[in-house]
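The block underneath contains the structure these notes are about, expressed in structure tokens.
Bear in mind these aren't lab numbers, they're just calculated from the coordinates by the rules spelled out. None of the values given here were measured: they were computed from a predicted structure. For neighbour counting, all protein chains shown are included, and Cβ atoms are generated from backbone atoms with ideal geometry for every residue, glycine included.
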Amino acid sequence: MKFIFPRKTFLILILMSMSIFSYTQIAAGFQAGLSFHQFQNYHKKENIPPSDEQNDLFKHGIYVALPIVYKINNQFSVQGELSFAHKGHKIIIRSNSVPISQNGDYINIEYRLDYFEIPILIKRFIPIKNKGFNIGMGISMGYLLNGKRLYFDSTQPTSEGIFPLNLSNNFNTSGYKYNRWDASYLIDLSLPTITRYGTFVFGTRSSLDITSWLIYEEQNSTNPDIHNWGIMIYGGYIIPDKM
């Protein structure tokens with residue numbers, strides 16, 4: 001399904017988030033952690049033969065964010081962020097049809113994608129005795145700042161290279177293009193530790209793209225749109241609104 005996140009909607013959501021943050025009952029902080037992402041339907045793009053063995057792996061990277069939290073009451077809060085995240089994919093291909101693969105030869109392909117994102121989440125605090133945890137759901141709007149493709153064939157060492165992606169708005173000669181605008185669903189689970197000096201947070205977050213990262217000009221079963229999905233593990237600190 002072809003879906004491109006419109007720029008006007010992106011700007012409207014930014015203005016909405018700014019209006020939320022204009023209240024006085026807000027707190028800000030810092031979050032950082034690791035991200036692990038990969039693509040859906042990636043093997044169809046590379047036309048990998050069915051006889052070949054492929055290992056799809058998560059591409060790891062960093063995640064940093066500046067969260068702003070508006071506390072509605074003791075149970076509910078709204079959190080917006082300005083964040084930077086690495087996304088991508090990693091795959092190792094070994095051929096089962098040629099004996100040379102028994103010697104450990106392989107092809108390694110990686111995508112490295114750098115995103116600026118604005119997540120907005122609604123969180124609920126669930127108390128358990130004297131502590132508790134936050135569960136949140138929301139949406140993230142992002143923009144692809146930079147993209148690279150790394151390729152290495154162990155049988156041809158000279159083939160190694162890092163190639164910048166052509167982030168044009170037009171379809172290329174292969175009949176596809178990269179979508180720079182991104183929107184994804186978010187589910188967040190975090191454990192806050194509240195102290196007189198602020199709130200320390202440890203959490204995990206999963207994301208699934210609504211938009212397609214790669215779009216084919218002609219849609220069919222062998223040319224599906226490719227989506228990003230992944231998880232993030234992070235820690236953070238929220239400065240209290242009243243010191």
Per 10 Å bin, what is the whole-percent P(r) computed from every C-alpha pair distance within the range 166-216?
21, 27, 21, 17, 11, 3
I need the calculated FRET efficiency for the pair residue 34 and residue 170, taking r as the beta carbon distance and R₀ as 35 Å, to the nearest 0.05.
0.50
Take peptides 184-191, 128-135, 78-85 and line them up by average Cβ neighbours within 10 Å, highest first, as a rough protection proxy.
78-85, 184-191, 128-135
